[in-house]
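> I have a structure here, written as structure tokens, and I will follow up with some questions on it.
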Amino acid sequence: MLSIESLNQFYGESHTLWDLTLEIPAGQCTCVMGRNGVGKTTLMKCIMGEESVRDGKLLYRRRAWEPLDLTRRKLEERARLGVGYVPQGRQIFPMMTVEENLRTGLAVRRDGLRQIPERIYELFPVLKEMRHRRGGDLSGGQQQQLAIGRALVIEPRLLILDEPGEGIQPNIVAQIGEVIRRLIKEDGLTVLLVEQKLPFARKYADRFVIMDRGRRVAEGEIAALSDELIKQHLTV
């Protein structure tokens with residue numbers, strides 16, 4: 001689904017991503033892990049176009065026979081091509097209603113649809129119940145569901161989630177995990193997420209990638225995430 005080839009990124013003179021090469025297979029959930037400050041969020045922002053890269057390529061296969069180079073495309077264009085993004089911190093519009101927040105995602109749909117897909121309310125019934133409430137009045141977990149729903153409005157093929165379980169109650173974290181599995185199984189979605197919680201990763205991800213100092217240092221099937229790797233790269 002996505003091939004990251006020799007990606008390098010800088011903040012000023014600080015080299016943050018170092019020749020990063022990575023394959024994100026279609027129809028699976030890949031979890032990017034690592035200690036704080038190793039470049040996980042920077043990588044997600046580069047994929048989505050919020051941060052520019054010095055060199056390297058981002059090849060996106062919306063269709064298997066049609067690889068598209070995203071590297072220099074604008075954020076809005078990447079969204080139109082089917083890349084959904086839920087940033088760390090959610091970034092919903094607190095003064096807008098739930099329904100208005102969801103409608104903001106419609107602007108980048110390629111087909112011009114102006115109705116919120118019923119699938120969003122099927123996955124997150126609470127959003128339908130609260131569609132007339134302001135986003136800022138929702139709990140943290142409900143806001144996270146709203147942020148994911150907004151990303152799903154475009155009916156993406158690739159969904160990027162940056163720490164979807166951060167700061168929310170465990171039952172909502174579990175609901176989000178189950179939604180991820182449904183999206184993969186029922187909709188054929190590809191999911192790329194950053195997540196620090198090991199139980200979440202082991203339960204809901206298919207593959208893992210570990211980063212350290214802007215480099216990929218380990219990857220594999222989630223069953224291969226050993227105690228040795230955790231101790232070496234993830235424990236503080």
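What follows is calculated from the coordinates using simple rules that are stated; it is not laboratory data. All values derive from a computational prediction rather than experimental measurement. As a convention, Cβ positions derive from the backbone with ideal geometry for all residues, glycine included, and neighbour counts pool all protein chains shown.
> Can you run phi through the Karplus equation (6.51, -1.76, 1.60; θ = phi - 60°) for region 217-232 and list ³J(HN,Hα) in whole Hz, with x for Gly and Pro?
Running phi through 6.51 cos²θ - 1.76 cosθ + 1.60 with θ = phi - 60° gives 10, 6, 6, x, 5, 4, 5, 8, 6, 7, 4, 5, 5, 4, 5, 6 Hz.
> Pop out the Kirkwood hydrodynamic radius of region 173-236 from its pairwise C-alpha distances, inverse of mean 1/r, in Å to one decimal. Mind showing how you got there, number by number?
On the way: mean 1/r = 0.0786 Å⁻¹.
About 12.7 Å, per the Kirkwood formula over Cα pairs.
> Also, I was wondering about something else. Through the Karplus equation 6.51 cos²θ - 1.76 cosθ + 1.60, θ set to phi - 60°, convert the phi angles of region 111-126 into ³J(HN,Hα) values in whole Hz; use x for Gly and Pro.
8, x, 4, 10, 10, 5, x, 4, 4, 4, 6, 5, 6, 10, x, 4
> A follow-up question, please. Test of understanding: extend the Cα→C-beta vector of Asp69 to 7 Å, then name every residue of region 1-20 with backbone N under 16 Å from that spot.
Counting backbone N atoms under 16 Å from the label point, the list is 3-8.
> Dipole of region 128-211 (Lys/Arg Cβ +1, Asp/Glu Cβ -1, origin at the Cα centre): which of Ala151, Leu192, Leu161 lies farthest to the positive side?
With unit charges placed on the Cβ atoms, the residue in question is Ala151.
> Moving on to the next point. Which angle from 0 to 90°, rounded to the nearest 10, does the C-alpha axis of helix 140-152 make with the longest principal axis of the chain?
Helix 140-152 sits at roughly 90 degrees to that axis.
> Can you compute 3J(HN,Hα) from phi for each residue in region 91-102, using the Karplus curve 6.51 cos²θ - 1.76 cosθ + 1.60 with θ = phi - 60°, rounded to whole Hz and x for Gly and Pro?
6, 7, 9, x, 8, 8, 6, 4, 5, 5, 4, 5
> Let me ask something else. Taking the 0 to 90 degree range and rounding to the nearest ten, how far is the long axis of helix 170-187 tilted relative to the main principal axis of the chain, both from C-alpha atoms?
With both axes taken from Cα atoms, the answer is about 90 degrees.
> Rg and Dmax in Å for region 98-141, alpha carbons only: what are they?
So, for region 98-141, Rg and Dmax equal 11.1, 32 Å respectively.
> Please list, in chain and number order, the residues 5+ apart from Tyr85 or on another chain whose amide H is under 5 Å from its amide H, with Hs placed from the backbone.
Sorted by chain and number, the residues that satisfy this are Ile160.
> Still on this model: Would you please give the residues with an amide H less than 5 Å from that of Asp212, counting only those at least 5 places away or on a separate chain, with H modeled from the backbone geometry?
Val217
> Treating only the Cβ atoms of Lys and Arg (+1) and Asp and Glu (-1) as charged, compute the dipole magnitude of region 105-236 about its Cα centre; round to the nearest 20 debye.
Working: 21 positive and 19 negative charges, 72 e Å.
With only Lys, Arg, Asp and Glu charged at Cβ, the dipole is about 340 debye.
> I would also like to ask the following. Amide H of Val32 versus every other amide H placed in the peptide plane: which residues, excluding those fewer than 5 positions away on the same chain, fall under 5 Å?
Result for Val32 returns Leu193, Val194, Glu195, Val209.
> Which entries of Lys74/Lys231; Lys45/Lys185; Lys57/Lys128; Lys40/Lys74; Lys40/Lys231; Lys57/Lys231 have Cα-Cα distances beyond 29 Å here?
Lys74/Lys231; Lys57/Lys128; Lys57/Lys231
> Can you list the GluC sites (Glu not before Pro) in region 140-236 that are in a DSSP coil and have 16 or fewer other beta carbons within 10 angstrom?
In loop regions of region 140-236 (DSSP not H, G, I, E or B), the sparsely surrounded GluC sites (Glu not before Pro) are Glu166.
> Quick one: of the DSSP bridges fully inside the chain, what percent are antiparallel, nearest 5?
Around 60 percent of the beta bridges assigned by DSSP in the chain are antiparallel ones.
> Quick one: the Cα spread of region 127-169 along its three principal axes, in angstroms, biggest first?
For region 127-169, the Cα extents along the three principal axes come out at 29, 23, 13 Å.
> Another one. Counting helices only, and only those DSSP H runs with n ≥ 4, report the 222 nm mean residue ellipticity of the chain as the sum of -39,500 (n - 2.57) divided by its residues, in deg cm²/dmol to the nearest 500.
The per-residue figure over the chain is -9000 deg cm²/dmol.
> Around Ala174, under 15 Å between beta carbons, what's the net of Lys plus Arg minus Asp minus Glu among the other residues?
Combined, the nearby Lys, Arg, Asp and Glu give +2.
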